[in-house]
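Worksheet: the structure to be examined is printed underneath.
The values are calculated or read from the model by the stated rules, or taken from the named source; none is laboratory data. From a predicted model like this one, the values you see are computed outputs, not experimental measurements. Glycine also receives a Cβ, built like all others from the backbone with ideal geometry; neighbour counts cover every protein chain displayed. Keep in mind that these areas ignore ligands, DNA and RNA; they rest on the heavy atoms of the full protein, side chains included. Shrake-Rupley method; radii C 1.70, N 1.55, O 1.52, S 1.80 Å.
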Amino acid sequence: MTTETSLYQLKRPARYLGGELGSIVKDWSSVDITFAMAFPDVYEVGMSHIGSAILYQALNETPWIAAERSYTPWPDREAQLRAAGEPLTSLESGRPLADFDIIGFSLQYELCYTNVLCMLDLAGLPLRASERNEQSPLIVVGGPCAFNPEPLADFIDCAIIGDAEEAIVEFCAAMRESKKIGEQRSALLNRLATIEGVYVPSHFAIDYQADGCIKEIRSLNPERTQVRRRIVADLNTAPYPTRPIVPFLETIHDRVAVEVARGCTRGCRFCQAGYIYRPVRERQPDTVHKLIDEALRHSGYDEVSLLSLSTGDYSAVEILMQNLMSCYASQQVAISLPSLRVGSLTPALMEEIKKVRKTGFTLAPEAGSERLRNVINKGICEEDLLESTRTAFELGWRVVKLYFMIGLPTETDVDLDALVDLSAQVKAVGRGTQGGADVNVSVSTFVPKAHTPFQWDAQISHAETLERQNRLRLALKKKKLRLKWHEAELSFLEGVFARGDRRLGAVIEQAVKLGCRFDGWRDHFRWDLWQQAFTLADIDPSWYLRQRLLEETFPWEHIDAGVTKDFLMHEREAALEEKATPDCRDGECSHCGLCDFETVLPRLSDRTRLAPVPAEEPADTEAITAEPLQLPKIRLTMSKTGRTASLSHLEFMTLIHRAVRRAELPIRYSAGFHPAPRISFGDALPLGVASETELVDLELTAPCDPEQTAELLNRELPEDVRVKQAELWPRKGPSAANSLATALYRVPLPSGLSIDLEQRIAAFLAATEVIVGRPKKNRCINVDLRPWVEDLWREDNVLWMKLLSGSPLFLAAHLLEMEVEQVRVLGLCKTAIELKETESSVD
């Protein structure tokens, strides 16, 4: 079994292939620094993280840096690696992570910490920084959780606090210089610590009081007592990827994503992102449009997402939406705004959003009562929320999703009752409208975060969370409303680590040893193992959820996020007095302490930099869905070999769809609410089966030369997928799936085959029926294999199967007396097909 075929036994082998369009492979002999970008979650999640994509480009644009990717392997792949004694490797070059100069982890969520340690262990590296040697890679972390990296302090060498686009290249330059002069690790860390935004945990010592609270955080370097957050001053000139990596499989956010703004000054007092990403910095709308245009052209995606903490607050959102909708409507490109705020939903913006109608419209009131929304400085009133949802229903949305939090400071039963009443009112305003009145309610538990006004407040206990969830569930059920909630155990653990200290490192280490992985995934979370880990480390986790004293020293006291502690304390006082703090983007400065008003200051976009584009005539859109006059199809004969044999049929279809878009072929679309490209495929190949003859039919809106079509597509396809032949095909001719008469499969035989294969072939061909039990879901059904087969024969160490229909894997497994999964790794290949009657054969 080769490494490639061993992937066929995994749930989603495409996670581990590499070689995606847009990925960059450099010759290590021509670079000075190698950087493994390690994302501590599964591939589909990591590939959806735009911050990683930004850093991947920033690093690889530097000629002397090679940046490659790695993700936490799913449990089936982890077990496979451990059983084979193989290390975790990068996707680009397949090199072990331990061979890199730097391994960088992006910390997006506290419940990814066990995955960080799992990846270090799979790389063959000691978990604790103090146990690694001079030859070990440098371990650095970044992301929002790096604003309190203390629970991981014993395992990492450095953290980059804040925006990393510029800091990461400076970090690598310091590493490069250190390598050149042969510095020891201690000297390298001293060098790195001089870079603004770089935190070295070993340069600080923590002293504790008898009651467990922190007595003092001592800097071992008197000249550097705090680490100030790094800020990219001008987002409009910051690097941004326009050649995104295009995955083979569907990811969480499978689209072009463009960050239109960074930072939010709405001042919601629970929101860590609103404080650690200040000030507001917007990209100019013409820059955004250019980035989108290039990314669509290079990726083949058919959807664009405009990203920010609150996209509706983007100064040029209306003109940008109008412009994008006008430019891309005829190309069947959808535009989405994933983060909308009630106060930012103007009638004009709602009109634009309705053109890309989705099944659900999501709003986040956060709290049910006006009083509690004042406490958290949400800045929206009940009337605005009801008006926005009424408009959404009238414009045709079928479902409104409402997000709330429970356990907010000062919350009472009255606030919970108000949550139920508000949800019921939202349902009521939709009755009789075009969209209907379906409302889903979701609640999560409030988790106090570092660098926010509520960092002093207590988090409600596990038992209180369950009680409040049950109260809401019963009350909403009476109103005929559905409730979804975040598991109490996950919120509890998140709260422990969000305000945790270095002593929690022992708990994380124990949890990893016990088998904790993917703690943010409910199907993998093991509350029992975490409880055991806390017991073994002799730590009471509930202690970390307590109310903090105003004079208490926080574990993150030496991390300067830019917003002063005095301002946060003032905001907490305002919360208790139910006073609002206005948004400083349009009003007076709130004196949070961040801006110097020379380099660091709010930078808003200029609406006038993007001219309105007239909407295209409806006929242009209809032309791509209308029935063709007499244009023939183009039939492609394609090969799918090598690593792409690991793709499922759906993944292969997506690959072809995107290649067609990149090649700018005039493809026809189906009519209806969700137009789809008119591309038809032959029978689905089982995962792990290669093919030298796959049929694909294209319906076009304009004549195209077949040879030129093949040439254009081959430029856009991975090397393991080729168009071998292209020809005109009758418009009403048989589809690709209905054209096949037989398919010939080559089955390499395993060594040491003990059965008499020739005798089994003869008996099979002589039989009138061959009834075999085949597992299907949770039962076994009887299948007659004989009608599947036209001919079988053995030639040296190859079994040849000429099939009329059916699964080549299941048939080969029967003939070889093996399990289907054992056959899957043999390397089956479809080598030829015969077409029905008047159609020619293809070899």
Open item on the list: Taking the Cα of Asp596, stepping 7 Å toward and past its beta carbon, and measuring to each backbone N in region 149-185: which are under 16 Å?
Closed with: 163, 167
- [ ] Check the straight Cα-Cα distances from Lys830 and name the aspartates and glutamates below 12 Å, setting aside those fewer than 8 residues away within the same chain.
- [x] Asp683, Glu692, Glu694, Asp843
- [ ] Report, in whole Å, the centroid distance computed from the Cα atoms of region 175-211 and region 544-586.
- [x] 29
Task: Principal semi-axes in Å for region 513-616 [√(5λ), Cα gyration tensor, largest first] - done: 41, 27, 14
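Per residue, how much space in cubic angstrom lies within the convex hull of the C-alpha atoms of region 677-787? Walk me through the intermediate numbers first.
Working: hull volume 21.9 nm³, N = 111.
Dividing the Cα hull volume of region 677-787 by its residue count gives 197 Å³.
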- [ ] Report, to the nearest whole %, how much of the accessible area of the chain belongs to carbon and sulfur atoms, 1.4 Å probe, protein only.
- [x] 50
TODO: Find, to one decimal place in angstroms, the Kirkwood hydrodynamic radius of region 87-200, where the mean of 1/r is taken over every pair of different Cα atoms and then inverted.
DONE: 14.4
- [ ] Take the alpha carbon atoms of region 268-294, find their center, do the same for region 34-113, and report the distance between the two centers in whole angstrom.
- [x] 26
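Say R0 is 60 Å: what FRET efficiency, to the nearest 0.05, do Arg431 and Lys513 get from their beta-carbon distance? Could the numbers behind the result be given before it?
Working: r = 55 Å, r/R0 = 0.92.
So, using R0 = 60 Å, E works out to roughly 0.60.
Once Rh is set to the Kirkwood radius over Cα pairs, what Stokes-Einstein translational diffusion coefficient, in µm²/s, holds for region 239-383 at a temperature of 20 °C and a viscosity of 1.002 mPa s?
On the way: Rh = 16.4 Å.
The calculation lands on 130 µm²/s.
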Open item on the list: Modelling each spin label as a point 7 Å along the Cα-to-Cβ direction, I'd like the Glu573/Glu790 distance in nm, to one decimal.
Closed with: 8.7
Open item on the list: Compute the angle between helix 757-766 and the longest alpha-carbon principal axis of the chain, please, reported from 0 to 90 degrees and rounded to the nearest 10.
Closed with: 70
- [ ] Name all residues of region 410-447 having a backbone nitrogen under 20 Å from the label point set 7 Å from the Cα of Gln547 along its Cα→Cβ direction, giving them as ranges.
- [x] 410-416, 446-447
Open item on the list: Between region 518-537 and region 719-750, what is the separation of their alpha carbon centroids in Å?
Closed with: 49
Open item on the list: I need the Debye-formula profile for region 211-263: one equal scatterer per C-alpha, no solvent, reported as log10 I(q)/I(0) at q = 0.17, 0.27 1/Å, two decimals.
Closed with: -0.77, -1.17
Task: Fully extended contour minus Cα-Cα distance, from Leu757 to Asp234, at 0.36 nm per residue - done: 181.3 nm
Task: Cα-Cα over 23 Å, subset of Lys732/Lys836; Lys484/Lys579; Lys724/Lys836 - done: Lys484/Lys579
Task: Values of log10 I(q)/I(0), in the order q = 0.18, 0.24 Å⁻¹, for region 84-146 under a Debye, Cα-only, solvent-free model - done: -0.67, -1.13
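Decide, for region 571-617, between rounded, prolate and oblate: order the square roots of the alpha carbon gyration tensor eigenvalues as a ≥ b ≥ c, take rounded if a/c falls under 1.5, and otherwise choose prolate if a/b is larger than b/c, else oblate. Provide the component values of the computation, followed by the final result.
On the way: a/c = 5.29, a/b = 1.96, b/c = 2.70.
Because a/c hits 1.5 or more and a/b fails to exceed b/c, region 571-617 counts as oblate.
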Open item on the list: With +1 on the Cβ of every Lys and Arg and -1 on the Cβ of every Asp and Glu, and nothing else charged, how large is the dipole of region 685-788 about its Cα centre, in debye rounded to the nearest 20?
Closed with: 680
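With a cut-off of 8 Å between alpha carbons and a minimum separation of six or more residues, what is the relative contact order of the chain in percent?
12
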Open item on the list: Take Ala273 and Thr535, extend 7 Å from each Cα along the Cα→Cβ direction, and tell me the distance between the two endpoints in nm.
Closed with: 3.8
Task: Positive-end extreme of charge dipole, region 8-137 - chosen from Ser136, Leu10, Ala67 (charges on Cβ) - done: Leu10
Open item on the list: With the alpha-carbon atoms as the only input, what is the per residue convex hull volume for region 24-145 in Å³?
Closed with: 106
Open item on the list: Using only the alpha-carbon atoms, how far is helix 505-514 inclined from the longest principal axis of the chain? Give it as 0 to 90 degrees, nearest 10.
Closed with: 30
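For Asp99 and Ala766 in the same chain, what is the full-extension length gain: residue separation times 0.36 nm, less their Cα-Cα distance, in nm?
Working: separation 667, 0.36 × 667 = 240.12 nm, distance 5.76 nm.
Result for the pair: 234.4 nm of gain on full extension.
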Task: Alpha-carbon spread of region 131-272, three principal axes, descending order, Å - done: 49, 45, 32
Open item on the list: Can you tell me which lysines have their Cα less than 20 Å from the Cα of Lys215? Leave out same-chain residues fewer than eight positions away.
Closed with: Lys565
TODO: Compute the FRET efficiency between Lys479 and Lys724 as 1/(1 + (r/R0)^6), taking r as their Cβ-Cβ distance and R0 = 56 Å, and round to the nearest 0.05.
DONE: 0.40
- [ ] Name the residue farthest towards the positive end of the dipole of the chain from the options Ile376, Met119, Ala418, assuming +1 on Cβ of Lys and Arg, -1 on Cβ of Asp and Glu, about the Cα centre.
- [x] Ala418
Open item on the list: Which of the three applies to the chain, rounded, prolate or oblate, going by the alpha-carbon gyration tensor with a ≥ b ≥ c and a/c under 1.5 meaning rounded?
Closed with: prolate
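So for region 772-843, considering every pair of alpha-carbon atoms, how many percent are separated by more than 15 Å? List each step's numbers first, then the result.
Working: 1575 of 2556 pairs.
Here the long-distance tail beyond 15 Å is 62 percent of all Cα pairs in region 772-843.
When the helices in the chain are scored as -39500 (n - 2.57) per DSSP H run of 4 or longer and the sum is shared across all residues, what 222 nm value do you end up with, to the nearest 500 deg cm²/dmol?
On the way: 26 runs with 255 residues, N = 843.
Taken over the chain, the calculation gives -9000 deg cm²/dmol.
Report the extension gain between Glu131 and Arg779 in nm, rounded to one decimal, defined as 0.36 nm multiplied by the number of residues separating them, less their alpha carbon distance. Write down the numbers at each step before the final one.
Numbers: separation 648, 0.36 × 648 = 233.28 nm, distance 5.16 nm.
Value of the extension gain: 228.1 nm.
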Open item on the list: Ignoring solvent entirely, what values of log10 I(q)/I(0) come out of the Debye formula for region 402-465 at 0.19 Å⁻¹ when each Cα is a single scatterer?
Closed with: -0.79
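Based on Cβ point charges of +1 for Lys and Arg and -1 for Asp and Glu, what charge dipole magnitude is obtained for the chain about its Cα centre, in debye rounded to the nearest 20? Walk me through the numbers on the way to the answer.
On the way: 96 positive and 121 negative charges, 294 e Å.
Magnitude of the dipole: close to 1420 debye.
Express the accessible area of the chain per residue in Å², computed with a 1.4 Å probe while the remaining protein chains stay in the model.
42
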Task: Principal-axis tilt of helix 488-498 within the chain, Cα atoms, nearest 10 degrees - done: 60
- [ ] Go ahead and run the numbers for FRET between Gln822 and Glu588, Cβ-Cβ distance against an R0 of 51 Å, rounding to 0.05.
- [x] 0.10
Task: Proximal lysines relative to Lys777, as straight alpha-carbon distance under 26 Å, when same-chain residues fewer than 8 apart are discounted - done: Lys11
